[in-house]
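The values are calculated or read from the model by the stated rules, or taken from the named source; none is laboratory data. All of these numbers come straight from a predicted model, not from anything done at the bench. All Cβ positions, even for glycine, are placed from backbone atoms using ideal geometry, and neighbour counts span all protein chains on display.
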Amino acid sequence: MKPPKFDYHAPKTVDEALALLTRYDGEAKILAGGQSLMPLLNFRLSRPAALVDLNRIPTLAYIKEVDGSVRFGAMTRQRAIEFSPVVAKRLPLLTEATRWVGHLPIRTRGTIGGSIAHADPSAEYPAVLTALDGEVVARGPKGERVLKPRDFFHTYLTTSLAADEILTEVRLPATPAGAGFAFEEFSRRHGDFAIIGIAAVIVREGSRCTMARLATAGAGPIPVRLRAAEEILEREGLGDEAIARAAAKAQELVQPDGDIHASADYRRHLTGVLTGRAVKRALTKVAR
Amino acid sequence: MNEPVTVRLKVNGVQHEGRCEPRKLLVDFLREDLGLTGTHVGCEHGICGACTILFNGEAARSCIMLAVQAEGAELRTIEGLMENGKLHPLQEAFHEHHGLQCGFCTPGMLMTALDFLRVKPEPTEAEIREGISAVLCRCTGYQGIINAVKAAAPVMRGS
Amino acid sequence: MTNKSLTGPNRGYACGHLYFETEGMMDRLAEKLGLDPAEVRRRNLIPPAELPYRTPTGGYYDSGDYPKTLQMALDMARYDELRRVQKTARAAGKYFGIGLALAVDPSVSNMGYVATALDPQFRAKPEYLPKSGATESATVKVDPLGRVIAILGTTPQGQGHQTIVSQIIADELGLKPQDITVVDEMDTFTRVWSISSGTYSSRFGSVGTSAAALAARKLRAKLVEYAAHLMDVPANDVEFNDGAVRLKRGKGPSYTVKDLAGRAHWNTESLPDGMEPGLQATAVFGFTVAKAVDAEDRVNSSNTYGFIAEVMAVEVDPDTAQITIVRYVTVHDAGTIINPMIVEGQIYGGALHGLGGALYEELRYDDDGQFLTGSFMDYLVPTASEAPTIEIAHLSSPSPLTTLGSKGLGESSSMTVPAVIANAVSDALTPLGVRITELPMTPDRLWRSIREAREKKDS
């Protein structure tokens, strides 16, 4: 249970890192926080020819507000996000979701870029990115491209990042002031991967819902944006019946897989239950 | 590039240097190259928490870090918890409140609790439970540990 | 031959399974008879007057007050109030359940029990050598500087043998526990060793502490005799009191352990005639009730027997099948308690160990024999967040068989928690007719049972 041999590189700039990826032609793996990759290496489930360690590139870690969005350098630690006043103010959903990510010692090392690039179907950050319809920036030898979630997540642990690209930035639109938010999660134990997680943002004006954003973790190979459920709320309001209908619709929108922790049926059922709970809890946070 | 690398780092205030393959895990480097066997290897896949140390002041799992990643860093391990020959308030509290039995998870528990109490100096019992859920213990059922952390918190605030 | 994962005995082995079944049966019986589950148990408890009690299989329960233990648990849990809360909750469509579990807590294996695996006809042959016994040793010695050192035959893994033995010896010799050094590293080559030596089957609390106390008492008797000789008085005129041997009446010299150690080691002429030189004592404690298997396959497989009574109240979320433990009370009778903090540490640990087996831990394989739970990502050990608040109470029915009246207790609630939580959840789901027959109760399995029961009800 020790890693196999690999070439190790710790470049100082993104360009150096990109050059290394090109050199190894798909046989190198990027080491960000290491909280997902290192266990794979220790089990020898992954045997890359080389590791390109991004932890020595200081320019990749930042939290910046730009034009109504918050931009995160890919190597920004989850722990930094958890305690960031900027994030608490502009993206409280992300602050809440971060507390569901493993445990504090994991968040010390884990990064936002790593979590999103790894694309574990049960991870919280991809669900938040999807709910908020954020963007990721991928840089390769040919330059940068900006990708939306639907163009980024393909299937389990698979994104549209090319072997010679690095995810350098994550952009999330700031939550409207006064909006309600909630990250609702069901897992076997505290800190475990979500069996089902729901990211919710609700904007209410009077009795109307002017914006609803809902996305899943654990309900399929990639996060699912529950648009049809959002539309029910935006159309019918935020009463109990509308929420129940939206929750029922959420169940129809997902095709979960089963595993030893939860069957497909149970995940589908939980999607509905947690959607209802997420919306109700988000409502409790709406500014009067 | 799998050639041995030199790793220079500070552990418990003391400068150290070692030489190892880049694939050597930080926990193994601490134990084998530096002789600091207080940090334990439990699961080697980052879940049990027995390997937890402070990395530049923050709790991190050393079995899922490479030694080479600690180049230039300041670490604190269980060996560095005592100060001036005196037990740290957390260690005192673990002793008073039976916060350990076999002791295998204990270094990880203490370092995790240390970081936790810095982030949350006045925790409720529920918060302590959540804070130490990062480390697995089979012996104690956790209550002794929770009682110890609860007792240590005000002492640490005072100092 | 199997490619499945190795398994072996670990804490309350097989008792969790046993009590899951028998305590589940008590609840089924209660349901069939229309009686409260506590009442059914009450009516079937061995009354204290009948102890020591010989069981049909040859067991010998040394002491206990089972009805009192059960009542303590019920009182502490405020059982009647819980039943009222349940009634209200049920009327509101909630799933609130109360579970009970009672268990005899055996400790110190009689090695003779292994022979039950052999055919009685084989055992009847003249060339067959019977097996029996449960012994443990301890040595206590005093070095020339007056340091007291104890050497154990047990091999603790965190159960606090050093602490407990230092208490026992300090009590016997009028010293402080800090004055005693305890060596708990076992080496069969250099230490007193028997077939039964070691730490398993909760034996230290019972046979380990007895050996330590006996060794300390042997040494103390020697010290008293020696001091009396030095004072030139009969041994009956002195006693060990407040850290020294003193005259029972009147004024005179007193001798501490340190005083006696220096003299005994440096001046053997000062010893009474016929006294063996040196200051050490070894005791090997054994049980006379540890006998070989008889011709009818009966054997007293353990030597001391404690008792546990538990009550647990749970709420089951009908939407997610999540179980919330609302109250958990556990009452233990392990005879004389030597160190309450260590005892409670074993109870908390044992309870969570049992909870792990009841809700989280399993070795799973797919149809191709692939091991699915081969890492801690999938083999789920409960964390502090999963540990419930536990209310603990003690009763003490000292064992007539051990030196201090103590019994073993380390395995404790690992045996009863699977039963008590399964009974609580079954009770909660009585309106749906769901009974828990398999552990672990994962949320998925529980949800399926609830869903099937609801569909059946609706159809």
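With respect to B:ARG157, is the statement that it is away from chain C (no Cβ under 14 Å), surrounded by fewer than 24 Cβ atoms within 10 Å (Cβ to Cβ), in contact (Cβ under 8 Å) with a residue 24 or more places away in the chain and over 27 Å from A:VAL101 (Cβ atoms) true?
Against the criterion (away from chain C (no Cβ under 14 Å), surrounded by fewer than 24 Cβ atoms within 10 Å (Cβ to Cβ), in contact (Cβ under 8 Å) with a residue 24 or more places away in the chain and over 27 Å from A:VAL101 (Cβ atoms)), B:ARG157 qualifies.
Search the stretch C:39-53 for residues that are of a type in the set (D, E, K, R) and pair each with any residue that is surrounded by 14 or more Cβ atoms within 10 Å (Cβ to Cβ) and in a helix (DSSP H, G or I) when their beta-carbon atoms are under 8 Å apart and the residues are at least 6 apart or on different chains.
Hits for this filter: C:GLU39/C:ALA30; C:ARG41/C:MET26; C:ARG41/C:LEU70; C:ARG42/C:PRO67; C:ARG42/C:LEU70.
Conditions (1) crowded, with 21+ Cβ neighbours inside 10 Å; (2) more than 8 Å from chain C (Cβ to nearest Cβ), marked per residue:
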position	(1), (2)
B:ARG118	no, yes
B:GLU122	no, yes
B:ALA126	no, yes
B:ARG138	no, no
B:TYR142	yes, no
B:ILE146	yes, no
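Since A:PRO92 meets every condition but one in (1) surrounded by 21 or more Cβ atoms within 10 Å (Cβ to Cβ); (2) away from chain B (no Cβ under 14 Å); (3) touching a residue at least 60 places away in the same chain (Cβ under 8 Å); (4) closer than 27 Å to A:PRO221 by Cα, which condition does it not meet?
Looking at each condition in turn, A:PRO92 falls short on (1).
Please go through the stretch A:245-284 and give me each residue that is out of contact with any helix residue (DSSP H, G or I) (no Cβ under 8 Å at 6 or more places or on another chain), within 14 Å of another protein chain (Cβ to nearest Cβ) and within 16 Å of A:PHE181 (Cβ to Cβ), ordered by number.
A:LEU274, A:ARG277, A:ALA278
Please state which one of C:LEU439, C:LEU446 is more than 14 Å from chain A (Cβ to nearest Cβ), of a type outside the set (Ser, Thr, Tyr), in contact (Cβ under 8 Å) with a residue 24 or more places away in the chain and touching a helix residue (DSSP H, G or I) at 6+ places or on another chain (Cβ under 9 Å).
Working: C:LEU446 fails: more than 14 Å from chain A (Cβ to nearest Cβ).
Just a single option satisfies the conditions, and that option is C:LEU439.
Kindly provide the set of residues from the stretch C:155-183 that are free of Cβ contacts under 8 Å to residues at least 60 places away in the same chain and aliphatic (A, V, I, L, M), ordered by number.
C:VAL165, C:ILE169, C:ALA170, C:ILE180, C:VAL182, C:VAL183
Within the stretch B:3-15, does at least one residue satisfy the condition of being more than 10 Å from every other protein chain (Cβ to nearest Cβ) and out of contact with any strand residue (DSSP E or B) (no Cβ under 9 Å at 6 or more places or on another chain)?
Yes, the stretch B:3-15 contains a residue that is more than 10 Å from every other protein chain (Cβ to nearest Cβ) and out of contact with any strand residue (DSSP E or B) (no Cβ under 9 Å at 6 or more places or on another chain).
Taking the stretch A:104-163, which residues are within 30 Å of A:VAL279 (Cβ to Cβ) and either assigned by TED's automatic domain parsing to the domain that holds A:ASP15 or assigned to a loop (DSSP other than H, G, I, E, B) (or both)?
A:GLY110, A:ALA119, A:ASP120, A:PRO121, A:SER122, A:ALA123, A:LEU132, A:ASP133, A:GLY134, A:LYS148, A:TYR156, A:LEU157
Is it true that some residue in the stretch B:48-69 is touching a Ser or Thr at 6+ places or on another chain (Cβ under 6 Å), part of a loop (DSSP other than H, G, I, E, B), hydroxyl-bearing (Ser, Thr, Tyr) and buried (at least 17 other Cβ atoms within 10 Å of the Cβ)?
No, because not a single residue in the stretch B:48-69 is touching a Ser or Thr at 6+ places or on another chain (Cβ under 6 Å), part of a loop (DSSP other than H, G, I, E, B), hydroxyl-bearing (Ser, Thr, Tyr) and buried (at least 17 other Cβ atoms within 10 Å of the Cβ).
Looking at (1) surrounded by fewer than 24 Cβ atoms within 10 Å (Cβ to Cβ); (2) assigned to a loop (DSSP other than H, G, I, E, B), which one does A:PRO256 not meet, given that it meets all the others?
(1)
If we only count helices (runs of 4 or more DSSP H) wholly inside the stretch C:1-108, which ones have 3 or more residues that are of a type in the set (Lys, Arg)?
C:37-43, C:79-91
Exactly one of these conditions fails for B:ALA70: (1) touching a Leu at 6+ places or on another chain (Cβ under 6 Å); (2) more than 13 Å from every other protein chain (Cβ to nearest Cβ). Give me its number.
Failed condition: (2).
Could you please give the count of residues in the stretch A:36-51 that are within 23 Å of the chain's Cα centre (by Cα), farther than 19 Å from A:ARG107 by Cβ and small (Gly, Ala, Ser)?
1
Looking at B:GLU58, B:GLU79, B:GLU83, B:GLU74 in this structure, which one is under 15 Å from B:MET111 (Cβ atoms) and free of Cβ contacts under 8 Å to residues at least 12 places away in the same chain?
Testing whether each residue is under 15 Å from B:MET111 (Cβ atoms) and free of Cβ contacts under 8 Å to residues at least 12 places away in the same chain leaves just B:GLU83.
I'd like to know if the stretch A:18-38 contains one or more residues that are within 30 Å of A:LEU132 (Cα to Cα), at the interface with another protein chain (Cβ under 10 Å from one of its Cβ atoms) and touching a Cys at 6+ places or on another chain (Cβ under 9 Å).
yes
Regarding the stretch A:232-244, can at least one residue be identified that is in contact with a helix residue (DSSP H, G or I) (Cβ under 9 Å, 6 or more places away or on another chain), more than 20 Å from A:ALA97 (Cβ to Cβ) and within 14 Å of another protein chain (Cβ to nearest Cβ)?
Yes, the conditions are met somewhere in the stretch A:232-244.
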